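These notes concern the structure reproduced below.
Where a number appears in this text, it was derived from the coordinates with a stated rule and is not lab data. These numbers were taken from a predicted model, which means no experiment stands behind them. Note that we place each Cβ from the backbone using ideal geometry, even for glycine, and neighbour counts take in every protein chain shown.
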Amino acid sequence: MSPRSPSVNEELRRRSRERLLQATVEVVGEQGYDATKLADIADRAGTARGLVSYYFPGKRQLLQSAVHRLMHRTLQAALEQEPRTEDGKELLARAIDAVLGLTLDHPTLMRTHMAGIFAAQGFVTCPEQQRLAALLRETITRRGSTAPEEDYLLLRALLMGAVFAALLPGAPMPLPRLRAELFQRYGLEWERGTPMAGVPPVEAPKWTD
């Protein structure tokens, strides 16, 4: 048997890494971060335990990459859903709704992710995070930004703040109000994106002097 080509080896490594990231989303979502062992993730991925350490320096870094992958894939699906559009306001509305929707679909995972960012390990820059950043940067550019890097960073901060507020144990902010604030900030009509089913339009308060 002839040895595998470099391209085949690279594809196999990519698939192994993808399986580990998906397994992390599933296992941490089911068991919580503290109860999850790297061996649990490897078992779910159907791979050797040693491969986890080969690709990731630790469990926290693995989790952040897994959540960034989930966010990237969710955001990409929202931006590309039918009907396709090039309307910058609609694309930004879809992006905001996609990120806020993760707090409903994956609360344990997103809460753990936010907690990890504030832990000693800090914010992890990885390929998955870079893909997510590129999508958000492109979206804010289509909305009309003339300073996409600065505006991307602000959008990221606002979305992280909204996720944190929605998941704050014991004192969560209602998602409709958070959505209204973000939509007002970017001049988006409530009907854009994916309005929450059964929730009437919410207007963010306008401040007066």
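A few remarks follow.
- Between D105 and E191, the simple spin-label model (points 7 angstrom out along Cα→Cβ) gives 2.5 nm.
- Candidate lysines for bridging to K59, where Cα separation is under 16 Å - those fewer than 8 sequence places away on the same chain excluded: K37
- Measuring nothing but how far apart in sequence close Cα pairs (under 8 Å, 6+ apart) lie, relative to its length, the chain scores a relative contact order of 21 percent.
- Computed per residue of the chain from DSSP H runs no shorter than four, each worth -39500 (n - 2.57), the mean residue ellipticity at 222 nm is -22000 deg cm²/dmol.
- Computed packing ranks the peptides 179-185, 33-39 as 179-185, 33-39, most packed first, by mean other Cβ atoms within 10 Å.
- Extension gain, E11 to D34: 0.36 nm times the residue separation minus the Cα-Cα distance gives 5.1 nm.
- Partner lysines for K206 [C-alpha distance under 28 Å; skip if fewer than 8 residues away on the same chain]: K89
- Dividing the Cα radius of gyration of the chain by 2.2 N^0.38 Å, with N the residue count, gives 1.13.
- Part-to-part distance (alpha-carbon centres) for the range 57-73 and the range 151-200, which is given in Å: 22 Å
- Kyte-Doolittle mean at least 0.5 and Cα axial length at least 27 Å: DSSP H helices in the chain: 148-167
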